[in-house]
Amino acid sequence: MSNLSCKHCGGELKAENQECPSCGIPLAPDHAESRQKRFIIFFIALVIFCGAMVLLVPHFD
Ligand SMILES: [Zn+2]
């Protein structure tokens, strides 16, 4: 489930909206997709960070 909001007014958006239902500002056709991509990039960065921490933290055994 995606929780999109208008950058202009903060109103709730759906991925299929062509414009904001609250303020009527036109939305980029890929406004939902770009948000999803950002989340995926964030997730990959988090996984890399966790992997780096596991490698960098010394093991006492
Ligand atoms: Zn709006």
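Taken together, the values in this text are just the output of simple stated rules run on the coordinates, not laboratory data. Since the model is a prediction, treat every value here as computed from it, not as a measurement. As a convention, Cβ positions derive from the backbone with ideal geometry for all residues, glycine included, and neighbour counts pool all protein chains shown.
Between Leu13 and residues 5 or more places away or on another chain, which pairs have amide H atoms under 5 Å apart, with H built 1.01 Å from N, and which residues are they?
Close amide H contacts, sequence-distant or interchain: Leu4, Ser5, Cys6.
Helix-derived [θ] at 222 nm for the chain: sum -39500 (n - 2.57) over DSSP H runs of at least 4, divide by residue count, nearest 500?
Result for the chain, helices only: -15000 deg cm²/dmol.
Let me check against my output: what whole-number percent is the relative contact order of the chain, with C-alpha pairs under 8 Å and at least 6 apart?
The normalised contact order for the chain reaches 17 percent.
Just to check, using Stokes-Einstein with a Kirkwood Rh over alpha carbon pairs, what's the diffusion coefficient of the chain at 4 °C and 1.567 mPa s in µm²/s?
It diffuses with D of about 93 µm²/s by this estimate.
Counting other Cβ atoms within 10 Å, keep those with at most 14, restrict to DSSP loop, and tell me which trypsin sites (Lys or Arg not before Pro) in the chain are left.
Lys7, Lys14
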